[in-house]
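See below for the structure under consideration.
The values are calculated or read from the model by the stated rules, or taken from the named source; none is laboratory data. Keep in mind it's a predicted model, so treat the numbers as computed, not measured. Backbone-built Cβ (ideal geometry, glycine too); neighbour counts: all protein chains shown. Side chains included, ligands, DNA and RNA excluded: accessible areas come from the protein's heavy atoms. Shrake-Rupley method; radii C 1.70, N 1.55, O 1.52, S 1.80 Å.
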Amino acid sequence: MLKRTSLYEEHVKLGGRIVDFGGWELPVQYTGVMDEHIACRTTAGLFDVSHMGEVHVEGAASEAFVNYLVTNDAAKLAINQALYTEMCNHQGGIVDDLLVYRRAKDRYFLVINASNTDKDFAHMLQIEKEFRQANPQASDLRISNESSNYTQIAIQGPLAEKITQKLTKVPLSSVKYYWFTEGALLGGIPAIIARTGYTGEDGFELYIPWNKGPEVWRALLEAGTPLGLKPVGLGARDTLRLEMKFPLYGHELSEQTNPFAAGVGWVVKLDKGDFVGKAAIIQGKQKGLPQQLVGLKLLDKGVPRQGYSVFSEDGKTQLGAITSGTLAPSLNQAIGIAYVAKNQAAIGTRLTVDIRGKKLAAEVIPTPFYKRPY
Amino acid sequence: MNYPANLKYTKEHEWAKIDGNVVTVGITDHAQSSLGDIVFAELPSVGRTLKKGDTFGVVESIKAVSDLYSPATGKVVEVNAAIGDEPGQLNKDPHGKAWMVKIELTDPASIKDLMDADSYSKYVASLK
């Protein structure tokens, strides 16, 4: 049985083309991937991301627990501040990537990938068991999967603040990047209003009670449509994140991936005390990681796709494989993300990509592929 | 959607316009609409021989790669190079300007079982 978000009927009314996305019925597009992508980059885009999972961690030991669970340093978060992090297994592989929001000294809010929600929560409960054994005094620690209680709407793009401000008295200009506030939308709907996102644009992610989804969605569309706001489906969500080289679980990240190979070593704080996977991550790093994640552009005509093999410039030596690829709508350029042998990962390195039996020329280029002009 | 009566159609959503022993081939409006924004097209070289059902190229939207299947057996005698430069034409005018290849028939029987516009419309409706 496929799951639906609180906004399913809205998507159908808007002409969204509904697909099965990891067990959820969600729109892949409304007017077209290109059109929606450009709207998000130039005005604003509205996304239903309610399929994402939300987990509450509460109690005096929540700081110590979250910090043991994830690789980044959640103890350093001020109240109302957020961070991006990986959550690893004991082998140092990535179970998922997530956002951690600190709502109070003893209250964290974790946002995980939809398709991983059940797996992630089971992992958290397992780690909780280990944590409790080592910290018997942590009796008031509470972890709960609250995914079905939240509608999550993202509004992203240069006009996101202007549009969202029409729904709330909370002064949004004072909410800085990777900070959030808790306030009312539409006069009384409680919301976590976070300046976070997955597009490379300015904008917000709004966490509201599940049943208030349609009301907030419609109000945002009403406020934003005259300014160019468009609903954006999963298709453009993927091209937007890809232009930023933001990793996606199942593409760039897996339970076998060392965070340092995936280019997310910056969220692994080896100096913060022990955490799940730490020893294995260090060991992997010391042994030398055979591959590294790079961004590349195709010099020949074609589109790299996940799974295509990457070879040396002369086409003789296989170096790795594409994890994500597309024609980048903002750049009108075919781009890809790939794991390649470490000695072929430098910017400017010429490679080839095997596309249907032809070895097409590509070059390692700096990322993010797209830089916003404001 | 409107499927011109002077074209024949395949279940793989190609159309074929038959002029004597030359068949002009493209993708249908249904195909372009299902694919969404088409960003890349790979077409065969002139001179390639094709059997009915052979893949003769691919079209790619932002999200997906789709094979193209020849509706006829014959030899490619002309290729619409403009499609390679401007694949978006396939979204704008799939039954007209955005034709893909012309095939000179070597087996006239190969086009016998193509659908007419009416059958194709019903076929597309049955997919929903």
Would you be able to say whether some residue in segment B:11-30 is within 12 Å of the chain's Cα centre (by Cα), open to solvent by 60 Å² or more (accessible area, probe 1.4 Å) and within 29 Å of A:G235 (Cβ to Cβ)? yes
Specify the residue that is most open to solvent (accessible area, probe 1.4 Å); the eligible residues are those in segment A:1-23 that are at positive phi and in contact with a His (Cβ under 9 Å, 6 or more places away or on another chain). A:G22
Looking only at segment A:222-230, decide whether some residue is open to solvent by 50 Å² or more (accessible area, probe 1.4 Å), at pLDDT 95 or above and outside the structural domain of A:Y8 (by TED's automatic domain parsing). no
Failed condition for A:P214, given (1) under 21 Å from A:Q292 (Cα atoms); (2) surrounded by fewer than 24 Cβ atoms within 10 Å (Cβ to Cβ), with all others met? (1)
Considering (1) closer than 20 Å to A:L253 by Cβ; (2) buried (at least 20 other Cβ atoms within 10 Å of the Cβ), say which one A:I282 fails and leave the rest. (2)
Out of curiosity, is A:K316 within 14 Å of chain B (Cβ to nearest Cβ) and in a loop (DSSP other than H, G, I, E, B)? no
When A:Q91 is evaluated against the numbered criteria (1) of a type outside the set (A, V, I, L, M, F, W, C); (2) out of contact with any Phe, Trp or Tyr (no Cβ under 9 Å at 6 or more places or on another chain); (3) within 14 Å of chain B (Cβ to nearest Cβ), which criterion, by number, is the only one it fails? (3)
Give segment A:285-319 a look and list any residue that's touching a residue at least 60 places away in the same chain (Cβ under 8 Å) and open to solvent by less than 20 Å² (accessible area, probe 1.4 Å), or say none. A:V294, A:G295, A:L296, A:L298
In segment B:34-46, what residues are of a type outside the set (A, V, I, L, M, F, W, C) and open to solvent by less than 40 Å² (accessible area, probe 1.4 Å)? B:G36, B:P44
Step by step: first the residues of segment A:25-37, then only those that are in a strand (DSSP E or B) and within 14 Å of chain B (Cβ to nearest Cβ), then the one that is farthest from A:A114 (Cα to Cα). Which residue is that? A:Q29
Tell me, yes or no, whether segment B:68-75 has at least one residue that is touching a residue at least 40 places away in the same chain (Cβ under 8 Å) and open to solvent by 60 Å² or more (accessible area, probe 1.4 Å). yes
Quick one: how many residues across segment A:328-364 are part of a strand (DSSP E or B), open to solvent by less than 20 Å² (accessible area, probe 1.4 Å) and of a type outside the set (V, I, T)? 6
Test for A:A321: is it on the phi < 0 side of the Ramachandran plot, in contact with a Pro (Cβ under 9 Å, 6 or more places away or on another chain) and among the small types (G, A, S): no
Check off (1) in a helix (DSSP H, G or I); (2) modelled with pLDDT under 95 for A:E215 and give me the number that stays unchecked. (2)
Failed item, numbered, when B:D85 is tested on (1) within 12 Å of chain A (Cβ to nearest Cβ); (2) more than 22 Å from A:V28 (Cα to Cα); (3) within 15 Å of the chain's Cα centre (by Cα): (3)
Being on the phi > 0 side of the Ramachandran plot and either open to solvent by 10 Å² or more (accessible area, probe 1.4 Å) or out of contact with any strand residue (DSSP E or B) (no Cβ under 7 Å at 6 or more places or on another chain) (or both) is the filter here, so list the residues in segment A:231-279 that pass it. A:K245, A:G250, A:G263, A:G273
Just to be sure before I move on: is A:I163 open to solvent by less than 80 Å² (accessible area, probe 1.4 Å), farther than 19 Å from A:H56 by Cβ, touching a residue at least 60 places away in the same chain (Cβ under 8 Å) and in a helix (DSSP H, G or I) in the structure I sent? yes
In segment A:2-24, how many residues are in a strand (DSSP E or B) and more than 13 Å from chain B (Cβ to nearest Cβ)? 4
Could you grab the pairs with beta carbons closer than 6 Å, sequence gap of 6+ or different chains, first residue in segment B:106-128 and at pLDDT 95 or above, second one in a helix (DSSP H, G or I)? B:V124/B:H30
Any hit, segment B:53-60, residues being more than 18 Å from B:G84 (Cα to Cα), aromatic (F, W, Y) and open to solvent by less than 10 Å² (accessible area, probe 1.4 Å): no
Hey, does segment A:58-65 have a residue that's of a type in the set (F, W, Y) and closer than 30 Å to A:Q283 by Cβ? yes
Name every residue in segment B:56-81 that is within 14 Å of chain A (Cβ to nearest Cβ) and not polar (S, T, N, Q), in order of residue number. B:F56, B:G57, B:V58, B:V59, B:E60, B:I62, B:K63, B:A64, B:V65, B:D67, B:L68, B:A81
So is A:T181 part of a strand (DSSP E or B) and either at pLDDT below 95 or within 27 Å of A:Y374 (Cβ to Cβ) (or both) or not? yes
